[in-house]
Amino acid sequence: MNETELPVSFDKRVLDMLHDAIGESMTNIISLFLVEVPQQITQMQQALQSGDLGVAARLAHSLKSSAANLGAMRLAAMAADLEPRIKNTDKEVIASSIVKLQVEFDQIRNMYTKYL
């Protein structure tokens, strides 16, 4: 997936719809997302370094789902692209993709903080 194929970074409409459905619980969910994503990315890097590609793929899958559910559309697309490539792509390429996940998350973190 190249840069021109990626969706917008942050779709506030997704959060608005979720807020309409569950109300103020959104605050807790976003707070948890902001804590867990960096941990997932770190665990993904560690799994890749230790050769546990199954764990790395599962973490990418989990990140894909949680990001999409909270409107982080580009992060979700990047994780979705990474997930199937983990087991059959050079580790350096995967490591670079994981770093890009962190960069994308860092770029959208403030949008979530403002939403809170």
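The values are calculated or read from the model by the stated rules, or taken from the named source; none is laboratory data. Just so you know, these numbers come straight off a predicted model, no measurement behind them. We place every Cβ from the backbone using ideal geometry, glycine too, and count neighbours over all the protein chains shown.
Here is a check on your reading of the model: is Ser50 of a type in the set (Gly, Ala, Ser), surrounded by fewer than 20 Cβ atoms within 10 Å (Cβ to Cβ) and within 23 Å of Asn110 (Cβ to Cβ)? Taking the combined requirement at face value, the residue does not satisfy it. Look at the range 53-75: where a residue is within 20 Å of Gln107 (Cα to Cα) and a partner is assigned to a helix (DSSP H, G or I) and among the acidic types (Asp, Glu), sitting 6+ places away or on another chain with Cβ atoms under 6 Å, you get Ala60/Glu83; Arg74/Glu104; Leu75/Glu104. Reported count of residues in the range 5-18, each being modelled with pLDDT of 90 or more and more than 17 Å from Ser65 (Cα to Cα), is 1.
Considering only the range 1-99, give the helices (runs of 4 or more DSSP H) lying wholly within it that have at least 3 residues that are within 17 Å of Thr113 (Cβ to Cβ). Spell out the reasoning first.
Values: elements: 12-22, 25-50, 53-69, 73-85.
The helices (runs of 4 or more DSSP H) meeting that bar are 12-22, 25-50.
Residue-level check: of (1) aliphatic (A, V, I, L, M); (2) more than 16 Å from Val8 (Cβ to Cβ); (3) buried (at least 16 other Cβ atoms within 10 Å of the Cβ), Val99 misses just (3).
Taken over the range 15-45, the criterion of being surrounded by 13 or more Cβ atoms within 10 Å (Cβ to Cβ) and among the polar types (S, T, N, Q) is satisfied by Ser31, Gln40, Thr42, Gln43, Gln45.
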